[in-house]
Each structure stands twice: as C-alpha cells, then as structure tokens.
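Take a look at the structure below.
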Amino acid sequence: MRVLAGFATDIGRVRQGNEDCFLAESPLFAVADGMGGHRGGEVASHLALDTVEAMHLRGEGTLADQVREANRVVYLRSSEDRKVAGMGTTLTAALVDGDGLHLAHVGDSRAYLLRAGSLRQLTDDHTLVNRMVKAGEITREEATVHPHRNVVTRALGTEPEIPVDEQSVALLEGDRILLCTDGLTGMVTEDQIQAIMESTDDPQESADRLIRAANRAGGIDNITAVVLDVREGSDEGTEAGTVSANPRSAVAAIPKRGSLRKAGVTLLVSVAVLTLTALGLRIYVHSQWYVGVSSDGYVAVFQGVPATPLGIHLSTLQTEYKDLLGADVASFDLYKSLPNGITANSRADAEAIVTQMRADVVTQRAIKGGPSPTATPSAGAVP
Ligand code: CA
C-alpha cells in the first residue's frame with residue numbers, strides 16, 4: 001500500500017497573513033491553524049509542526065507524545081515572549097504506518113475519511129458549538145452559523161498540559177484522507193468537499209480545487225488542505241508530494257501593526273473566560289475581533305467576542321462605518337452571519353473584511369445601475 005499526497009495552503013481573500021501551516025513529509029502529515037494575532041498565530045502553528053517533525057525524525061515518542069511536546073514548546077514560548085503571549089494553534093496530525101493511519105488531534109481542524117462514496121469526519125471538533133451539538137442543544141446545521149462557532153475549547157499552547165485525541169484507522173485501497181483547517185470547512189459544505197474530492201484522481205488537483213472552492217465561497221479565513229490517496233503498491237512505496245512547492249505555508253508579509261489592547265477589553269475578555277470556566281468549560285477565545293452591527297444599525301468593528309454568556313457583554317465597539325448599513329451587507333449570502341458577528345484574528349483583519357464588504361456593496365450598486373433602495377444615507381460614492 002502506498003500513499004500519494006497533495007497539499008495546498010492559501011491566505012484566502014480577506015486575511016492579511018497566513019497563520020495556517022502544514023507538514024507533508026511522508027509518512028507524516030499534519031495541518032495547524034494558528035491563533036492569537038498575526039505574529040502569534042503564525043509562530044504557534046510553525047513551532048508546533050517543527051516540534052512534531054523534529055521528534056518524528058529523531059524517532060522520539062508516539063505521534064501523540066510529539067503533539068504533547070509541541071504543546072509544551074508553544075506554551076513555553078507564549079509565556080516567555082510577550083510579543084506572542086496568548087498564542088495557540090490547532091494541530092491535526094496523521095502518520096501512515098503500514099496499512100494503518102494514526103491520528104493525533106487538538107482543536108477545530110479536521111481529518112476526514114472518504115471511503116466507498118461516503119465522507120466521514122474522523123476527528124472531533126474541540127469547540128463550544130460541538131459540545132452544544134453533543135448535548136442536543138443545537139443541530140449540526142445551527143452550529144455552522146452559530147455566533148460561538150469560533151470558540152475552541154482546546155488548543156495547543158494555551159495550558160502547560162492538554163489532552164490529545166488519538167485514534168488509528170485501518171486503511172483500504174481507494175481510501176482518501178483529508179486534513180484541513182476550518183478555513184475550508186467554514187466555507188464549503190461536506191457534500192461539496194466530497195464532490196470535489198471525487199471529481200479528480202489526482203490528490204494535488206483535489207487539494208487545489210478545495211482551496212479554490214473555499215475562495216469562491218468568500219475565502220474569509222486562511223485555507224489549508226492535505227489530501228492522501230491510498231493506492232495499491234508495496235509497503236515501502238509510501239510517497240508524497242505531487243508538487244514541488246515549499247511543504248510549509250508561504251510566509252506572508254507580517255503587518256507591523258502592534259496589538260494595542262485596551263485594559264478594559266482585556267478585562268472583559270478575562271471575564272468571558274472566567275465566566276465560561278465557571279460554567280465548567282475550559283475555554284480558549286479563538287478570536288478577539290469581529291465585524292458586527294452597531295446599535296444604530298451600521299457595520300462596526302468590535303474588540304472582544306460576539307458572545308453574551310449569562311448576559312454579560314464581552315466586546316466593545318471600536319469603529320463604526322456609517323456608510324455601510326448592516327442590513328445592506330447582511331443581504332449578501334456571504335455576510336449573512338454579520339448580525340451574529342464575523343470573527344477576525346486582528347483589527348487589521350476585521351478592517352479588511354469591512355473593506356471587502358464595501359467593495360461588494362459598491363459592485364452590486366454598480367450592477368443595479370445606481371444606489372439600491374436601501375442605500376445608506378451617507379454613502380455617496382457610486383462608481
Ligand atoms: Ca482558521
């Protein structure tokens with residue numbers, strides 16, 4: 001049995017940096033989705049995969065041991081370096097071992113198995129909404145648009161020790177494995193993912209098509225996909241990479257913008273964490289910025305999280321855009337979750353989302369030949 005791999009990562013259409021990272025060093029494959037601002041997110045995901053890869057090459061420990069060590073390394077760096085304090089990352093790793101696949105997983109990136117015409121998620125999302133689904137409080141469909149969907153309950157680097165999910169799968173010829181970050185699954189449905197994976201026999205083409213589909217759907221987040229095809233052949237024939245690209249994410253320009261976090265907001269976010277911890281949840285706030293709607297109905301950038309556990313507001317309005325009515329923007333399918341808050345990793349990301357919204361609104365007005373009936377009072381710019 002041999003494995004052919006295809007892999008791709010993309011910054012998406014909105015973000016200013018790529019905090020995703022992947023590893024494709026057969027027989028070891030992994031994806032990681034960093035969080036905690038541009039610098040921190042990128043450092044966390046790369047550091048985690050570097051640690052796993054180095055231990056693997058030295059033959060140290062099991063895959064789960066390697067992920068636990070990656071957690072300690074990211075946690076230490078986060079504690080020692082103020083520039084990246086509070087960073088974290090997801091990590092979903094797969095090791096091909098003969099006819100089996102070992103998985104180790106933390107966070108909300110995913111591993112899927114496509115076998116005999118059905119796509120099955122192998123990993124469990126460590127998210128607040130997944131807990132709510134399991135508790136029967138919301139449906140899986142509701143989870144995909146829930147305002148808390150970006151709150152992860154477990155991430156590497158946030159605590160000195162974390163539990164790592166482990167499992168093994170017996171591989172069959174014809175199986176396909178997908179490792180991906182939420183920039184794919186947040187934009188493309190599982191039915192679409194399956195259709196795309198079935199549309200080509202080439203794992204690289206498959207990975208590329210998945211990225212394109214996520215970008216066509218809006219590309220709001222960084223997108224990463226690693227596709228493994230299990231083919232007939234000798235045991236030792238495990239081979240990877242139908243592409244000669246750098247096996248890590250392209251390093252994008254890192255914005256110079258610092259993180260000017262106001263004490264009050266830090267306090268509010270701490271209150272959120274404490275409140276949710278008091279509810280028995282070990283919470284890690286995935287994102288501290290979002291685009292939403294102000295009380296006056298305009299698009300606005302908020303710092304904090306779009307959640308109100310126990311009725312406590314966890315965010316503060318930073319910038320209100322009086323040329324953009326929330327209702328106008330939310331009428332676009334892409335932005336229909338605006339009233340619940342579209343999360344971003346930084347202020348710059350949030351502002352970039354607003355810029356894209358404005359461009360989309362202006363384009364639509366131009367197509368319609370003039371201001372739409374619900375045109376904003378102060379928006380005079382019609383091309
Ligand atoms: Ca992500």
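The values are calculated or read from the model by the stated rules, or taken from the named source; none is laboratory data. Predicted, not measured: the structure shown is a model, and the values here were computed from it. Using ideal geometry, Cβ is built from the backbone for each residue, glycine included, and neighbour counts are taken over all protein chains shown.
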Next item on the list: Tell me the helices (runs of 4 or more DSSP H) entirely within region 141-242 that contain at least 2 residues that are out of contact with any His (no Cβ under 7 Å at 6 or more places or on another chain), away from the ligand (no atom under 16 Å from the Cβ) and without any contact (Cβ under 8 Å) to a residue 24 or more places away in the chain.
Entry: 190-198, 203-216
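Kindly establish whether ASP108 is surrounded by fewer than 23 Cβ atoms within 10 Å (Cβ to Cβ) and among the acidic types (Asp, Glu). Reasoning before the result, please.
Details: surrounded by fewer than 23 Cβ atoms within 10 Å (Cβ to Cβ): no; among the acidic types (Asp, Glu): yes.
Criteria not met by ASP108.
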Check: Does region 129-144 contain at least one residue that is within 28 Å of ARG216 (Cβ to Cβ), crowded, with 21+ Cβ neighbours inside 10 Å and not charged (D, E, K, R)?
Finding: yes
Next item on the list: Name the residue, out of ALA93, ALA8, ALA64, ALA44, that is in contact with a helix residue (DSSP H, G or I) (Cβ under 8 Å, 6 or more places away or on another chain) and farther than 30 Å from THR355 by Cβ.
Entry: ALA93
Margin query: So THR127 ticks every box in (1) at pLDDT below 95; (2) of a type in the set (Ser, Thr, Tyr); (3) away from the ligand (no atom under 16 Å from the Cβ) but one. Which box is left unticked?
Written below: (3)
